[in-house]
Amino acid sequence: MGGISEKRVYLSPPHLGGEEIEYVKEAFAANWVAPLGPHVEAFERECALHSGRTGALALSSGTAAAALSAILAGIKPGDLCFCPSLTFVASLAPFVQSGAVPVLIDSEPESWNISPKALEEALSDAEKNGRKPGAVIAVNLYGQPCDMDRILPLCERYGVPVIEDAAESLGSCYRGRPSGSFGKFSFYSFNGNKIITTSGGGMLLSDDAEAIERARFLSAQARDPAPWYQHSELGYNFRMSNILAGIGRAQLKLLPLRVKERRAVFRRYYEAFSETPGVSFMPEPGWSQSNRWLTAIIVDPEKTGVGSIEIMKALEAVNVESRPVWKPMHLQPAFGGAKYYGHEGRDVSGELFAKGLCLPSGSNMTDDDISFVIGAVRDVLP
Ligand SMILES: *Cc1c(COP(=O)(O)O)cnc(C)c1O
C-alpha cells in the first residue's frame, strides 16, 4: 500500500441519506423553523416506537438528556452515583453537576461494560456505610449492550434506579430487545459522530409518562400554565428544533442499514487482523447484537512491537483518524478523588485504555477506504 490518503478518513463522520433535505424543506415551507413543531413530535413518536418505550422527549443533546435523567431520578447533593469508569465524560458529568458523589466501577472483560461483580461490591459497601445510592448509570460502550439480566436485578435488590446511557448503542439489541428500552430512564445521542445524527441532539426515554411530562416542562423553562410568563421553579432550555428533528426522522429510517454497514466495517477489520498475534477485538457476548458503532482493537506491544499510540500516529501521518479507547474516569483529573472498584482485583478499564484503539468506522467508508486503513495498520505491524 503506502502513500497518503488524499481525502481524510474520519473516525465516525455523519452519513446523510439524501431524504433529510426533504424534511428540512417541509419545515421551511411551513415556517416551522422554530421552536419545536410537527417534526419534533413525530421524531419523539418514532423514537418511542423504535425503543418500545411509551415516552420520549427530544432534546438539544444527549448530555441534556442525561442531565434531566439525573434531576428526575431525584439526585441530591451527596447521593452516590455508580458509573462505569470506561466511558465518555457526559455519562457522568451531569450527575456530578447535580451534586452526586461519583463511584467508579471497572469493566468486565467479556463486554468491556460495567462489571456486575465490582458494582455489587460497591453497592454493598454503600449500604454498609449508610450512604444513599442515587443511580446506577449503565453505559453501552461503543454500541455494546450491558448485561442487563445481571445489572437490573442487582440494582432492584438495592433499590437503586438504573439509567441506560444508550448514546452509542442506538440500533443495538440485548437478547433481542432494543437498546434504550432498559432502566427507569434511557437516552440516545444524535451528535455528529454517532450512528445517526441530527447534527446535534438527544432523546430522553422512559415508560413513566408522568416523568417524561415533567422533563418536558423542565426542558422548556418550566413555565406555569398562566397567560404570562410565570415560574414557580427553574427550568432549562434543552429542547430540539423542528429543523433538526426533521433531519433525525430521515436518519432514523436509515438506522437498520447503518447498523449493517457498521457491522460490515467491523467484519472487514476482523478478517484482516483476527489472526494477527497481539491484536484482538472488542468481544461480542452471545446476548449482544452490537451496532459496532466503533471498531475497537487491543494491541499488545509485547507481541506486536508497537503500541496503540504509535499506530494512531502512523495512521495520522497518512491522513487517517483513529483514537485511543476512552480514558477511564478514574484516571481523569476531574474525578481524582473518586472511589474506584476494580474487577476481581484488576484494573480492566485501565488496561483497555493502555492498549485500545478505535479504528475509522463510518458507515460511509468505501471498500477502498477500509483497505487503505488495513494496509496502513499492516505497515506498522511487524
Ligand atoms: C456522545 C455521548 C454522550 C453525550 O451525547 P451528546 O449528544 O454528545 O451530548 C453521552 N454518553 C456517551 C457514552 C456518549 O458517547
Going through Lys260/Lys327; Lys7/Lys355; Lys132/Lys339 one by one, the pairs whose alpha carbons sit over 19 Å apart turn out to be Lys260/Lys327; Lys7/Lys355
Could you state the accessible area per residue of segment 252-382 in Å², with a 1.4 Å probe and every protein chain left in place? 45
Surface/4 estimate of mean projected area, convex hull on alpha-carbon atoms of the chain, nm²: 19.9
Which distance in Å, rounded to a whole number, links the C-alpha centroids of segment 37-104 and segment 115-158? 17
Starting from the amide H of Tyr341, placed 1.01 Å from N in the peptide plane, find each other amide H under 5 Å away whose residue is 5 or more places distant or on another chain. Leu104, Ile105, Asp106
Nearest 500 deg cm²/dmol is fine: what mean residue ellipticity at 222 nm does the chain get from its DSSP H runs of n ≥ 4 alone, each adding -39,500 (n - 2.57), divided by its residue count? -11000 deg cm²/dmol
Going highest first, how would you order 366-372, 162-168 by mean Cβ packing within 10 Å? 162-168, 366-372
Computed from the beta carbon distance with a Förster radius of 25 Å, FRET efficiency for Lys303 and Asp379 to the nearest 0.05 stands at 0.90
Considering the Cα trace of segment 326-382, what is its radius of gyration and what is Dmax, both in angstroms? 16.8, 46
Considering only segment 20-254, what is the antiparallel percent among its DSSP beta bridges, to the nearest 5? 50
For segment 91-124, list residues with backbone N below 14 Å from a point placed 7 Å from the Cα of Lys76 toward its Cβ? 99-101
Classify segment 88-246 as rounded, prolate or oblate from the Cα gyration tensor: take a ≥ b ≥ c as the square roots of its eigenvalues, call it rounded if a/c is under 1.5, otherwise prolate when a/b beats b/c and oblate if not. oblate
Normalised convex hull volume, segment 256-380, alpha-carbon set, Å³ per residue: 144
When Lys and Arg each count +1 and Asp and Glu each count -1, what net charge do the other residues less than 9 Å away from Ser361, Cβ to Cβ, add up to? +2
Computed lengthening from His231 to Ala334, 0.36 nm per intervening residue step minus Cα-Cα distance: 33.7 nm
Taking a straight Cα-to-Cα line shorter than 16 Å from Lys253, and setting aside same-chain lysines fewer than 8 residues away, one finds Lys194
Working from the pairwise distances between different alpha carbons, so that the mean of 1/r is found and then inverted, what is segment 48-173's Kirkwood radius in Å? 14.7
Excluding ligands, DNA and RNA, the carbon-plus-sulfur percentage of the accessible area of the chain with a 1.4 Å probe reads 55
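The values are calculated or read from the model by the stated rules, or taken from the named source; none is laboratory data. Fair warning: this is a prediction, and the values are worked out from it, not measured in the lab. Cβ coordinates were reconstructed from backbone atoms using ideal geometry, including for glycine residues, and neighbour counts include every protein chain displayed. Calculation scope for accessible area: heavy atoms of the full protein, side chains included, ligands and nucleic acids excluded. Shrake-Rupley method; radii C 1.70, N 1.55, O 1.52, S 1.80 Å.
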